[in-house]
1. Efficiency by 1/(1 + (r/R0)^6): what FRET value for B:Trp344 and B:Thr21, r their Cβ-Cβ distance, R0 = 22 Å, to the nearest 0.05?
2. Please list, by residue number, everything in segment B:118-151 whose backbone N is under 20 Å from a paramagnetic label point 7 Å out along Cα→Cβ of B:Asp271.
3. Where does chain B land at 222 nm, in deg cm²/dmol rounded to the nearest 500, when only DSSP H runs of n ≥ 4 count, each adding -39500 (n - 2.57), divided by all residues?
4. Using alpha-carbon positions, what is the distance between the centroids of segment B:1-25 and segment B:402-471, in Å?
5. If you average over every viewing direction, what projected area does the convex hull of the Cα atoms of the protein assembly as shown give, in nm²?
6. Which helices count as membrane-span-like in chain B under these terms: full DSSP H, at least 24 Å along the axis by C-alpha, Kyte-Doolittle mean of 0.0 or more?
7. Provide the gained length on full extension for the span B:Ser425 to B:Thr2, in nm with one decimal, where the gain is 0.36 nm per separating residue minus the Cα-Cα distance.
8. With the crude spin-label approximation of a point 7 Å out along Cα→Cβ, what separation in nm comes out for A:Cys20 versus A:Gln122?
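Please treat every number below as a calculation from the coordinates, not as lab data. Predicted model, so just to flag it, every value in this text is computed and none were measured. All Cβ positions, glycine included, derive from the backbone under ideal geometry; neighbour counts span all protein chains shown.
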Amino acid sequence: MPERNQYGIKTLTIDGKEVCASEDQTILEVARENGIDIPTLCHFSGLKEIGACRLCVVEVKGSNKLLASCSTQAQEGMEVTAHSPQLKEFRKLVVELLLTERNHVCAVCVSSGHCELQTLAQKLGVDHVTLPYLHVKCETDGSHPRFVADHNRCILCTRCLRVCDQIEGAHTWDMTGRGIGARMITDMGEPWGNSATCTNCGKCVMVCPVGALVAKGKSVAEMTKPEFLPYLLQMRGEER
Amino acid sequence: MTLDELQEIAEKEREEQKKYTHRVNVSVAAGCLSLHSDQVLKILETEVQKRGMENTCKVKGVGCMGLCAAGPLVRCEPQHTYYRGLPPNQEILSAVVDNLDGAPLPEFALSPDVPFFAEQQKIVLENCGVIDPERIEDAIAVGAYEPLLDCISNRTKDEVVQEIIKSGLRGRGGGGYPTGLKWSMVAKAPGEQKYVICNADEGDPGAFMDRSVLESDPHRVLEGMAIAAYAVGASKGYIYCRAEYPLAVKRLKIAIKQAERLGLLGKRIGDSDFEFEVEVRLGAGAFVCGEETALIASVEGKRGVPRPRPPFPAYSGLNHCPTLLNNVETFANIAPILRKGGDWFASIGTEKSKGTKVFALVGDINNTGLIEVPMGITLRDLVFKLGGGIPEGRKFKAVQTGGPSGGCIPEQFLDMSVDYASLASVGSIMGSGGMIVMDETACMVDVAKFFMDFTRDESCGKCIPCRVGTTQLHGLLERISAGEGKMEDLDTLERLGAMVQKTALCGLGQTAPNPVSSTLRYFREEYVQHITEKTCAQGKCACSNTPAATAGE
């Protein structure tokens, strides 16, 4: 059908449902548009995809590898399986790995009840952890006047890095170290409060899916995060 | 420089070399250098001068001769002999020079007819140990840059690509992707600016194929890159070499300068419009930077972490431009293919795996070193014929191919042919060519733990399955090796391993569990013994009941 292809519109199936995608749309975007929920943690609408959390992996007929739906473009005739027992098992295991990595104790977390990791664990039915806890020891940085960075709760999704770089343009956040020793840092590893580049805009706090970046003065379960885009507009002093 | 001018240089150099009736080649690649072969070279030179033989006897430093176990190696002609383990000792070396016309010193002589040398078929390494890697004239005398200039003046870009497709050459870095197909993709990818990158970030423990090629015959790699650049339409190239290879980097830089001086790199190559500049970029030794997208990020000056593919570098690579990325050994195969034809190359090896492969034989093996053999040779021949078997008559246990991304192959598959498909069928991979041989004293839990420790340490930390998964796998192995494991840990190893393989972002994570899954597949009883009897039969692990551990207390 050359005519349709001329406009870059593609049809494909996701979990057996026929859907259509415009040019440049990813599988994840099309799926969510059509009410098919694929879990994600590093994805954030408006930020560049990095395909790091691997929760959104899907099976595509004809490919022997699982593909990250956030960074795979929808193609004409694709047959995508977004939900299968194996995918569910893998996703549960990803969440379990995160839960064992650092210190995710909801009972003492300011973000409890408003945490994407917690919600996801509940949704996927991760009711216990079978692997040993690693409890990688990290620092808590309270040097910023308005915010706190508790790296013990960080899941390294790098949303803070990307929003700071791609939206605010400050690039205060970055990543250092590698493997299990990887950490988010501000500037060249100086305390956040001493950062010369941080504009105190708070976007990183707003996009943090967990309780790693939070506002000061909040107690357990008190940290809520508004929808990011309206918040951004508010920051600019515009009406929604 | 035109083809005629090049041939003139080659002819002149060959005439020059004919003057010498005797030739003494001393290996000055990193392995032999560490055994002071530079001093051996110097002493031999003085000894020759002392006797006033400098016009008839040529003493020259050359690249790697392969048999690392017997370094420093020296090759004497026309005596037709190798000398092994020559110390920088004036008396001995003086005797070597004195005996150039007589019988070689028996205690150091090594015949080139032993299987280690005789059973090899050299394409990539044909000039290694023969030419002086720091003199371009020496390389030109054996035909370097002739295929390049021939391509530029006599073949279209498409003909070059077709020749590579015909050869059936597959990527030698580990993945085994058909090289011709990759070239054709980059050639067809739209874009004004294209790049050629050579992956010299060899990081597998125990692998040194690429290092030896770069140290011994850097012009071969540069020529391969230039031919690739001509074929795909690139004008700029990078060699991404790890900083741990200072000698390779030094010789590469010398080679680039020499080639530029002669107009074989740079602008107006072969008096045509074709231009190609090459720059060396140093990697800081992160294993993950051998992964193509991480390597490209590193060349761009960014943090070396992989990104999801597609888009593949062939369409969007360095600076979002179409980029051809091949390994050192792949590029080293290019010039011979164009000189002798794709059909010739395709006649070597097996049906699906063409040509030869360079392997680094290491571990519990007599002839530690570098070899090049046709694809399809059996593992048994590799280990026992060329490799000379296991030291002290111990029993063979397993061989690890493909480094930390590969698997352990047990004795029952020794008669298997070494090619991409066969290795994959037993749960390993061809990889870049490291072959770690293990004898009966090796504990497979310990081996798996070693490789898992490596990948855990080298994981970049970007994706969760690799960052946390490899750490958890390593933790489970540590627990088992300490005699504290439970039987259900074996299921967890398998379950978690399968998940990491399937979901990790890049090749590092996707292959990281291979050493665990293959040892579990073939040596499960050893794991069970560690768990139920809390014993390591080989005494390698610190289990509570291990004899060695008890004795140490």
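1. 0.10
2. B:144-151
3. -12000 deg cm²/dmol
4. 45
5. Working: hull surface 156.2 nm².
Averaged projected area of the protein assembly as shown's Cα convex hull equals 39.1 nm².
6. Numbers: long enough: B:464-481 (25 Å, 0.18); B:487-503 (25 Å, -0.38).
Span-like helices here: B:464-481.
7. Gain in length upon complete extension: 147.4 nm.
8. Going from the A:Cys20 label point to the A:Gln122 one covers 3.8 nm.
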